[in-house]
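Just below is one structure, and these are the notes that go with it.
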Amino acid sequence: MNPSFSPRFAILALSALLHSPVTSLAQEEEQPFYSRNVLELGVVVADLEKSAKFYTEVLGMSEVKGFSAPAQVATKFGLTNNQPIVVRKFVTAKVKNAPALKLMEFPEAPGTKPDQKFIHSTLGVSYLTLFVNDMGDAVARAKKAGVKMLGETPAKAGPKNYLTVFQDPDGNFIELIGPSKVSLEKPKK
């Protein structure tokens, strides 16, 4: 045994190491990178009124104050080629810093519709996932609005949840996940 090695010192050193505070990367930074812990998603739609109705009536989102930018400002920011922007914002809950879906249309310069046959058909944002409290209610709302469910959904997705997939008026995929107060199992033939 090394004469300078003390088991008592080793126990104290190990104890100090085990009890030292562990900091995460976020704690080590003096200021976080993001000013708000929220994500907002902008979606260009063909018909803003039709899409607003879909997101409020079918998905139950609430519209909050949006914003606009004149053509010269949108062009200066590199967002459009001299097109004004009018953005309508929708949230799942009216709370401070809620994530928002920002819908906008450009009637004077309509975009081209991507291939939305499957979520893998086009690169980029493919679908929006929303977590619901009652899938039975969500499916009933969608069916009332004439929305067609995709695949064999709603389908069981774990012991308590269902998954339902359909598309918004522009073909963007919407995925709902949540429990149901009523059975959504399809009768076996």
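The values are calculated or read from the model by the stated rules, or taken from the named source; none is laboratory data. None of these values were measured; they are calculated from a predicted model. So basically every Cβ, Gly included, is an ideal-geometry build from the backbone, and we count neighbours across all protein chains shown.
Across region 54-69, the number of residues qualifying as in contact with an Asp or Glu (Cβ under 9 Å, 6 or more places away or on another chain) and not aliphatic (A, V, I, L, M) comes to 4. Screening 161, 172 for residues that are within 21 Å of residue 113 (Cβ to Cβ) and either surrounded by 13 or more Cβ atoms within 10 Å (Cβ to Cβ) or under 18 Å from the mean Cα position of the chain (by Cα) (or both) leaves exactly one candidate, 172. Restricting attention to region 27-65, the residues that are of a type outside the set (A, V, I, L, M), under 18 Å from the mean Cα position of the chain (by Cα) and under 24 Å from residue 124 (Cα atoms) total 8. Take region 110-135 and flag every residue that is over 16 Å from residue 43 (Cβ atoms) and aliphatic (A, V, I, L, M). Result: 132, 135.
Residue pairs whose Cβ atoms lie under 9 Å apart, sitting 6 or more positions apart in sequence or on different chains, and linking a residue in region 120-143 that is closer than 17 Å to residue 61 by Cβ to a partner that is surrounded by fewer than 13 Cβ atoms within 10 Å (Cβ to Cβ) and among the basic types (Lys, Arg), are 133/181; 134/181; 135/181; 137/181; 142/148. Collect the residues in region 173-189 that are assigned to a loop (DSSP other than H, G, I, E, B), charged (D, E, K, R) and in contact (Cβ under 8 Å) with a residue 12 or more places away in the chain, keeping them in residue-number order. Within region 173-189, 181, 185, 186 meet the criteria.
Which of the residues spanning region 93-108 are farther than 15 Å from residue 59 by Cβ and part of a loop (DSSP other than H, G, I, E, B)? Of everything in region 93-108, those that are farther than 15 Å from residue 59 by Cβ and part of a loop (DSSP other than H, G, I, E, B) turn out to be 95, 96, 97, 105, 106, 107, 108. Residues in region 124-147 include at least one that is more than 30 Å from residue 37 (Cα to Cα) and surrounded by fewer than 11 Cβ atoms within 10 Å (Cβ to Cβ). Here is a check on your reading of the model: is residue 50 within 28 Å of residue 164 (Cβ to Cβ), of a type in the set (Lys, Arg) and either modelled with pLDDT of 95 or more or part of a loop (DSSP other than H, G, I, E, B) (or both)? Here the answer is yes, as residue 50 does meet what is asked.
Selection of region 75-92 for residues being touching a residue at least 12 places away in the same chain (Cβ under 8 Å) and part of a loop (DSSP other than H, G, I, E, B) yields 80, 81, 83, 84, 92. Mind checking whether some residue in region 59-74 is touching a residue at least 60 places away in the same chain (Cβ under 8 Å), polar (S, T, N, Q) and part of a helix (DSSP H, G or I)? No - not one qualifying residue is present in region 59-74.
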